[in-house]
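No lab work stands behind these numbers, since they all come straight from the coordinates. Predicted model only: the values in this text are computed from it and were never measured. Here Cβ is always computed from backbone atoms with ideal geometry, including for glycine, and neighbour counts include all displayed protein chains.
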Amino acid sequence: SFIGEESVAAGQGSILTDNPTWIIDPIDGTTNFVHRFPFVAVSIGFVVNKKIEFGIVYSCVEDKMYTARKGKGAFCNGQKLQVSGQEDITKSLLVTELGSNRDPETIKIILSNMERLLSIPIHG
């Protein structure tokens, strides 16, 4: 099976089944792309039995290829990635994205989530 982000965003429905399924977003960061903001990638995932098996993200502007495989770890241009090990949330950096949906109900949910996130004593 195949699920394309652009067709889903255009209103076509999709159903994830147990069948092997490719999930592809050819321009991940479409809004960034339109505004010439350099954070754009090609994202591909492969799912079996509704569980991700592997994923690939190519950051075009940075020329970085991120890969990950279930149980095998994650890599950037072939070099193993690992989490920082930081356990103190007050020393963490939080990054979020608001999305592009401006439906009033969606905005309420986003603002509620942001309020909860901003109450966490993070570094930045």
**Q.** Dipole of the chain, positive end: most advanced residue of L118, T17, S92 [Cβ charges, Cα centre]
**A.** S92
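Going down the table (K51/K80; K70/K91; K50/K91; K64/K108; K50/K80), which pairs top 32 Å between alpha carbons?
Cα-Cα > 32 Å for K50/K91; K64/K108; rest within.
For the chain, what does -39500 (n - 2.57) per DSSP helix run (n ≥ 4), summed and divided by total residues, give at 222 nm, in deg cm²/dmol to the nearest 500?
-5500 deg cm²/dmol
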Q | Label zone at I120 (point 7 Å along Cα-to-Cβ), backbone N below 11 Å, region 51-94 | A | 89-94
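Relative contact order (percent) for the chain, with alpha-carbon contacts under 8 angstrom and 6 or more residues of separation? Please report the intermediate quantities before stating the final value.
Numbers: 170 pairs, mean separation 17.0, N = 124.
With pairs under 8 Å counted, the relative contact order is 14 percent.
Run the dipole for the chain about the Cα centre, Lys and Arg Cβ at +1, Asp and Glu Cβ at -1, nothing else charged, and hand back the magnitude in debye, nearest 20.
Values: 12 positive and 14 negative charges, 68 e Å.
With only Lys, Arg, Asp and Glu charged at Cβ, the dipole is about 320 debye.
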Q | Furthest towards positive pole of dipole, Q79, V61, T31, structure part region 1-82, Cβ charges | A | Q79
Q: Could you pull out every residue, at least 5 positions away or on a different chain, whose amide H is within less than 5 Å of the one on V61? Hs are placed 1.01 Å off N in the peptide plane, and Pro or chain starts have none.
A: V40
Q | Placed amide H near A74: partners under 5 Å, 5+ positions off or other chain | A | L81
Q) Can you run phi through the Karplus equation (6.51, -1.76, 1.60; θ = phi - 60°) for region 84-96 and list ³J(HN,Hα) in whole Hz, with x for Gly and Pro? A) 6, x, 5, 10, 8, 4, 5, 9, 9, 10, 9, 10, 9
